[in-house]
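In what follows, a structure is listed as structure tokens, so that the remarks can point back to it.
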Amino acid sequence: MQKGSRILKRTAALLFAVFLLQAGAKQVPRVLPVLETAALFSAGDLMPEGAIEYLKTAAFELPHSDSENTGNIPSSLINSSENQQYAPPQNSADPNDPNEQIATGGDPTPSQPPSDPKYGKIAEVRLRGKGSGVNGVWITNLTKNHTDINISSLLKKKLDMKIEKNGKPQVLIFHTHTTESYEMKDSGYYVKSASMRTRDPDKSVVRVGEAIAEQLRAANIGVIHDTTIHDDPNFSGAYTASAKTVSAILKKYPSIKIVIDVHRDSIQKDENTRLKPTATINGKKAAQVMLLASCDDDGKRNHPNWESNFALSLKVSQAIEKMYPGLTRPVYFKNGRFNHHLSKGAILLEMGSDGNTLEEAVYAGELVGKSLVPFLENLK
């Protein structure tokens with residue numbers, strides 16, 4: 001009886017949230033009852049790690065039909081149930097995660113407005129794996145049934161693919177969450193009400209994807225950079241939309257071996273602090289890079305390519321770290337698909353977070369592109 005009552009309360013809370021969304025309500029009350037808050041996103045892995053405590057106290061705006069007005073609600077919280085297993089991780093860099101260590105890179109700059117509730121801190125950090133890793137590779141493993149991972153063995157795994165410089169496309173770069181954007185300046189603070197999304201390709205992850213593509217083109221590696229917007233006006237269903245785009249391109253260009261989905265992470269340490277993962281490469285700040293790998297951990301997903309994808313992600317992370325030590329974060333390994341089932345050469349890149357500047361993310365894209373060139377040229 002108690003379980004039935006709990007389900008009824010959660011259902012009522014969910015219906016209430018849907019009503020607010022449809023009514024275009026601009027703000028949820030400052031403090032939601034914990035039960036209602038949890039009920040909104042009670043469907044398993046839709047709730048991002050570390051976000052429950054944040055939601056108990058945070059004020060945020062509900063998304064409108066115009067994605068420019070999504071406020072500071074974590075993006076994964078507005079996914080539909082049909083895509084929840086493919087939702088990208090939010091707050092994926094958990095300061096309390098034993099698989100990650102944080103080296104503070106410095107306090108926010110003195111220009112931060114003091115004690116103004118409109119603003120929050122941006123704390124610069126360097127995220128790294130625990131210990132020395134395995135050949136420069138670390139993993140944050142969130143799976144239940146694939147906990148015994150032999151990194152060394154996977155790094156030696158042959159992928160049975162070869163990049164050819166024959167004028168045909170070999171690499172596809174696209175964006176499931178095409179409107180994800182960055183800070184425009186390194187001020188040490190952020191405006192809480194500001195949207196971190198834009199349709200302007202020069203200010204979003206599209207520009208970062210282009211920085212990667214530029215390096216591949218310069219090495220005569222055929223690349224298609226698709227800039228189709230998949231998350232606006234409807235964020236919900238973005239993975240379904242991008243799957244259609246990718247499937248069509250792969251059908252048209254069967255020569256493509258590597259499929260790269262370029263994202264921007266979102267790391268909220270607490271209600272007033274965003275983390276900005278940064279590495280200094282050649283005296284210049286770059287946004288740290290994280291690869292996300294997925295698997296069919298519960299046997300409920302049609303995901304035949306996950307082992308190949310996982311090995312590829314580890315190899316790419318190793319290649320980046322070898323050329324630019326400190327640039328990578330631990331590979332994030334969890335149950336799901338993230339459209340990785342569409343290709344045995346699929347990877348997902350999280351290029352910095354919503355605390356990083358566009359300049360830092362674009363520089364990271366340049367570095368990733370430069371490290372991908374020799375890796376792809378020697379791919380087997």
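Some values worked out for this structure:
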{"read-out": "Set Ala319, Ala346: member being assigned by TED's automatic domain parsing to the domain that holds Thr198 and touching a residue at least 60 places away in the same chain (Cβ under 8 Å)", "value": "Ala346"}
{"read-out": "Verdict on His303 being in the same structural domain as Lys158 (by TED's automatic domain parsing) and assigned to a loop (DSSP other than H, G, I, E, B)", "value": "yes"}
{"read-out": "Complete set of residues in segment 150-198 that are among the charged types (D, E, K, R) and closer than 28 Å to Lys284 by Cβ", "value": "Glu180, Glu183, Lys185, Asp186, Arg197"}
{"read-out": "Selection status of Lys165, part of a loop (DSSP other than H, G, I, E, B) and farther than 20 Å from Phe333 by Cβ", "value": "yes"}
{"read-out": "Segment 348-366, residues that are within 28 Å of Glu307 (Cβ to Cβ) and surrounded by fewer than 24 Cβ atoms within 10 Å (Cβ to Cβ)", "value": "Leu348"}
{"read-out": "Single residue of segment 252-281 satisfying the filter (hydrophobic (A, V, I, L, M, F, W, C) and not in a strand (DSSP E or B)) that is surrounded by the most Cβ atoms within 10 Å (Cβ to Cβ)", "value": "Ile267"}
{"read-out": "Flag if Thr147 is crowded, with 23+ Cβ neighbours inside 10 Å and either on the phi > 0 side of the Ramachandran plot or hydroxyl-bearing (Ser, Thr, Tyr) (or both)", "value": "no"}
{"read-out": "Of all residues making up segment 316-337, the number that are closer than 17 Å to Asn141 by Cβ and either assigned to a helix (DSSP H, G or I) or acidic (Asp, Glu) (or both)", "value": "2"}
{"read-out": "Among the residues listed as Ala218, Ala287, the single one being surrounded by fewer than 16 Cβ atoms within 10 Å (Cβ to Cβ) and either in contact with a strand residue (DSSP E or B) (Cβ under 7 Å, 6 or more places away or on another chain) or under 29 Å from Leu155 (Cβ atoms) (or both)", "value": "Ala218"}
{"read-out": "Tally, over segment 150-159, of residues that are touching a residue at least 24 places away in the same chain (Cβ under 8 Å) and surrounded by 10 or more Cβ atoms within 10 Å (Cβ to Cβ)", "value": "5"}
{"read-out": "Total residues in segment 325-338, condition under 18 Å from Ala243 (Cβ atoms) and crowded, with 23+ Cβ neighbours inside 10 Å", "value": "2"}
{"read-out": "Failed item, numbered, when Ala361 is tested on (1) part of a loop (DSSP other than H, G, I, E, B); (2) touching a helix residue (DSSP H, G or I) at 6+ places or on another chain (Cβ under 6 Å)", "value": "(1)"}
{"read-out": "Residues (assigned to a helix (DSSP H, G or I) and touching a helix residue (DSSP H, G or I) at 6+ places or on another chain (Cβ under 9 Å)) located in segment 202-216", "value": "Val205, Arg207, Val208, Gly209, Glu210, Ala211, Ile212, Ala213, Glu214, Gln215, Leu216"}
{"read-out": "Identity of the residue in segment 179-202, within 17 Å of the chain's Cα centre (by Cα) and under 22 Å from Leu367 (Cβ atoms), that ends up surrounded by the most Cβ atoms within 10 Å (Cβ to Cβ)", "value": "Glu180"}
{"read-out": "Residue check for Val246: buried (at least 21 other Cβ atoms within 10 Å of the Cβ), more than 23 Å from Gly167 (Cα to Cα) and aliphatic (A, V, I, L, M)", "value": "no"}
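The values are calculated or read from the model by the stated rules, or taken from the named source; none is laboratory data. It should be emphasised that the depicted structure is a prediction, and the values quoted were computed from it without experimental measurement. Heads up, the Cβs are rebuilt from the backbone with ideal geometry, glycines too, and the neighbour counts pull from every protein chain shown.
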